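J.: For reference, the structure I am asking about is given below.
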Amino acid sequence: MLEGRITKRQALEMLRNSDLLELGAEADELRKALHPDGFVTFIIDRNINYTNVCINKCSFCAFWRDEDAPDAYLLDEGTLFAKIEETIELGGTQILIQGGLHPSLDIDYYVDLLSSIKKRFSINVHGFSPPEICYIADSADLTIQETLLILRNAGLDSIPGGGAEILSDRVREILSPKKIRSSRWLSVMEAAHRIGMRTTATMMFGSVESPEDIIEHLDSVRQLQDRTGGFTAFIPWSFQPGNTELSKKFEVKGKKSKRTPKSEGRNPKFQTATAVDYLRVLALSRLYLDNIENIQASWVTQGLKLAQVSLRFGANDFGSTMIEENVVASTGVSYCVSKNDIINAIRSSGFKPAQRDTYYNILRKF
Amino acid sequence: MLGKIEEKVLAEKRLTKRDAIRLFESDDIFSLGRLASLVAQKKNGNNAYFIRNRHINPTNICVNRCRFCAFSRSAGQEGAFELTIEEIVSKLRPLVHGDRPISEVHIVGGLHPQWPFEYYLEMISTINKNFPKLHIKAFTAVEVDYMAKISGLGLRETLTALKASGLGSMPGGGAEIFDPLVRNRLCPEKISGGRWLQVMEAAHKAGIRTNATMLYGHIEKHEHRVDHLLKLRNLQDSTGGFQAFIPLAYHPKNTEIKGRYTSGIDDLKTIAISRLVLDNFDHVKAYWIMLGEKISQLALKFGADDFDGTIIEEKITHAAGALTGEQLTAEELVHLIRKAGKVPVERDSFYRKIRRDGKGHA
């Protein structure tokens, strides 16, 4: 084991050259020390994407549409409430509300949305990643803090860590030039933590980033966590190339979507993350982020079997049961999984399954 | 962590039944992976093999009713199919020409109640005549036993006739789990484990190389897996005819015994323990159709040295809810192997490196 904190330089060396099994064994040790009781948790929740209209049009995303596209949508209240009711019936404790940056919506829309949910349901609203918060703030001409306070008063409980992608502006320039820059993503999270809201942090890797960018990302998250302690969990996942602009620009090898067109002009340097890459990044994340308690395995992008293996490479949480998921599914990747599948998957990996809430309190053991 | 067992492996001493059971009971997957990798490294260096191949199932009509199988049908039942020899030839024709031809066809199917032995001989000889360079790996021990029965020829003559028609080698299917009690619950109509081993012994003696498999993750216990591995190791000691061992993860969909998918951790442990116990097998294969490409790639870090192949069409595992597609391109296989830190080697059916410069085997 390394003594003390891993430095950026050490982390880069580990990411590039360490033996996968040695790295995994170290991450497994740390996971055991942080979670000695052997529980692996999951949350019952639903992803509700209120709109797919988005002005950002990121090249790695297959979900966005223009406002006048034939399959552009904005959920009406009836549909939204029915989805929440169903979530509660299934034992759900949280809804994750995220959507595109819709040019015709203003802050009143979000305030009404939140308060109409809270009026009817007792459920944790985990919503609006930093790009959405910034968009709402900018269009209302408010500061981030003012915006967060208004949304919290209307019913927003916690904020998902999406939109972080890779916190390196060099990479963001290629992937998502219109999306908020790294510093802004971090400042939204910091502002949220300062007013007592908990958030998660994510990282999407396996696109055009270099190992240095991954370390930069982990370091930014660790530094912010040192200042605020507001992150509940870190969730690394790998870029899914199906149906995205990015995969049309370059040929992406690895996970293949049936709907991905084979493009001309292949670039052999551009290849998405394999299972070995995923576990390496996951294990390094566990080790580097010594101040974040929970690391999520991403069965949605990796499948149940690799998610099970992840539990020995640093992960202690299985994320959400995903009663509904639209964004990853739009890349052509979908694994059909029920709550029981998740419970069985955790158990057959040698761990004790438990349902948790947004704040990682255990609600029910299985 | 594995103490004495680790010392034995490092000293190249044979593991006992008790050692093997202890390995299955251990949760130290990291030591298991490291030790199995050491053994794989000694046997195959840093190589990971793959093959350009195609699977063909001539029929799914089968007189057996194995409880774990979702592929088989009775004659006349909905979904039953049988291919003519012309259909088989026309499936192969586009794949054996061009600058990237497949080098092997893998043929397994049901035990058809009407087809005579001559039909199988004609199938093999017609493929052989049409595509003389294509290696034909065909018929599990279960099918060969059936052919010996319907032809009235003994095992030896049946195998000799198949070989004379152009059979190049045999796959390792139908082994399932040898233990009689487990086997009786899984597949009561199928030949016994003892008979499966007899057919393989006869094949090896007739100069036909074969593979061996084990279907795990259904109702068996660790001791049954170990018993299975040790029986294979014994036969290999006397014949040396097995090329690769292929652990097959059970798939529960549409089968009679139902149950669950195996865990990714169990898959990797089973690969590693197979590598450690089967010290007289050259190769352990991560069959990606059954493990998925992600676990198969990781298996290369747990003692496997072979990724199987391009496959192109797969019906048996897909009938039982395979979580994979039916084909990977050679480029995708090469990419996965490289990213696992191994050297991709395109092989022929006997694990010789194939050179694509027109000069034949290296």
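J.: Sort largest first and round to whole Å: the equivalent ellipsoid semi-axes of chain B, each the square root of five times a Cα gyration tensor eigenvalue.
T.: Value: 30, 24, 20 Å, ordered largest first.
J.: If contacts are Cα pairs under 8 angstrom and at least 6 residues apart, what is the relative contact order of chain B in percent?
T.: In percent, rounded to a whole number, it is 23.
J.: Something else about it: Can you compute the charge dipole magnitude of the stretch B:1-146 about its Cα centre, using +1 on each Lys and Arg Cβ and -1 on each Asp and Glu Cβ, nothing else charged? Give it in debye, rounded to the nearest 20.
T.: With Lys and Arg at +1 and Asp and Glu at -1, about 540 debye.
J.: OK, next. Using the Cβ atoms and a cut-off under 11 Å, what net charge is assigned to the surroundings of A:S187, where Lys and Arg are +1 and Asp and Glu are -1?
T.: Net charge in that neighbourhood comes out at +2.
J.: For the protein assembly as shown, evaluate the Debye formula with one uniform point scatterer on each Cα (no solvent term) and list log10 I(q)/I(0) at q = 0.05 Å⁻¹, rounded to two decimals.
T.: At q = 0.05 Å⁻¹ the computed log10 ratios are -0.27.
J.: Looking at the stretch B:133-188, which trypsin sites (Lys or Arg not before Pro) are DSSP coil and have at most 15 other C-beta atoms within 10 Å of their C-beta?
T.: Answer by residue number: B:K133.
J.: Counting only helical runs of four or more DSSP H residues, what would the 222 nm mean residue ellipticity of chain A come to if each run contributes -39,500 (n - 2.57) and the total is spread over all its residues?
T.: -13000 deg cm²/dmol
J.: Counting other Cβ atoms within 10 Å, keep those with at most 10, restrict to DSSP loop, and tell me which GluC sites (Glu not before Pro) in the stretch B:37-99 are left.
T.: Answer by residue number: B:E78.
J.: Which pairs break 27 Å Cα to Cα here: A:K305/B:K301; B:K190/B:K342; A:K305/B:K91; B:K137/B:K353; B:K133/B:K342?
T.: From A:K305/B:K301; B:K190/B:K342; A:K305/B:K91; B:K137/B:K353; B:K133/B:K342, over 27 Å: B:K190/B:K342; A:K305/B:K91; B:K133/B:K342.
J.: Defining a contact as two alpha carbons under 8 Å apart and six or more residues distant in sequence, what relative contact order in percent does the stretch A:202-244 show?
T.: 69
J.: Okay, next question. With +1 on the Cβ of every Lys and Arg and -1 on the Cβ of every Asp and Glu, and nothing else charged, how large is the dipole of the protein assembly as shown about its Cα centre, in debye rounded to the nearest 20?
T.: With only Lys, Arg, Asp and Glu charged at Cβ, the dipole is about 2260 debye.
J.: Which order results if B:H135, A:H126, B:H251 are arranged by neighbouring Cβ count within 10 Å, fewest first?
T.: Taking fewest neighbouring Cβ atoms as first place, the list is B:H135, A:H126, B:H251.
J.: Which one, A:F205, A:N47, A:S18, is farthest towards the positive end of the dipole of chain A when Lys and Arg carry +1 and Asp and Glu -1 on their Cβ?
T.: Checking the options against the dipole of chain A, the answer is A:S18.
J.: Can you say what percent of the DSSP beta bridges in chain B, counting only those with both residues inside, are antiparallel? Round to 5.
T.: 10
J.: Here is a further query. By the scheme Lys and Arg +1, Asp and Glu -1, what is the net charge of all other residues having a beta-carbon under 10 Å from that of B:N47?
T.: With Lys, Arg at +1 and Asp, Glu at -1, the net is +2.
J.: Taking the alpha-carbon centroid of each part, what is the distance from the stretch A:102-171 to the stretch A:316-366 in angstrom?
T.: About 25 Å separates the Cα centre of the stretch A:102-171 from the one of the stretch A:316-366.
J.: Report, largest value first, the span of the C-alpha coordinates of the stretch A:151-248 along each principal axis, in whole Å.
T.: Projected onto its principal axes, the Cα set of the stretch A:151-248 covers 43, 28, 21 Å.
J.: What lysines does B:K221 reach when the alpha-carbon gap must be under 17 Å and sequence neighbours fewer than 8 apart in one chain are set aside?
T.: Of all the lysines, those that pass the test against B:K221 - Cα under 17 Å, at least 8 places apart if same chain - are B:K17, B:K231, B:K258, B:K269.
J.: Using alpha-carbon positions, what is the distance between the centroids of the stretch B:234-270 and the stretch B:101-161, in Å?
T.: Value for the Cα centre distance between the two parts: 24 Å.
J.: While we're on this one: With contacts defined as alpha carbon pairs under 8 Å and 6 or more residues apart, what's the relative contact order of the stretch A:107-221 in percent?
T.: Averaging sequence separation for qualifying contacts and normalising by length gives 29 percent for the stretch A:107-221.
J.: Mean 1/r over all different Cα pairs, inverted: what Kirkwood radius does chain A give, in Å?
T.: For chain A, the Kirkwood estimate is 20.8 Å.
J.: Follow-up question, since we're still on this one. Counting only GluC sites (Glu not before Pro) that are in a DSSP loop and have at most 11 other C-beta atoms within 10 Å, tell me the longest site-free stretch of chain A.
T.: A:4-263
J.: To continue, here is another question. Just report the Cα centroid separation between the stretch B:299-313 and the stretch A:202-240, whole Å.
T.: The stretch B:299-313 and the stretch A:202-240 have Cα centres separated by 32 Å.
J.: A further question on this structure: Less than 16 Å apart at the alpha-carbon level, and either on another chain or at least 8 residues along: which aspartates and glutamates does that give for B:K253?
T.: A:D341, B:E314
J.: Taking only the alpha-carbon atoms of the stretch A:16-79, what semi-axes of the equivalent ellipsoid follow from 5 times the gyration tensor eigenvalues under a square root, in whole Å, largest first?
T.: 42, 21, 7
Throughout, read-outs are computed from the coordinates displayed, never taken from laboratory work. Computed from a predicted model, the values in this text were never measured in an experiment. Cβ coordinates were reconstructed from backbone atoms using ideal geometry, including for glycine residues, and neighbour counts include every protein chain displayed.
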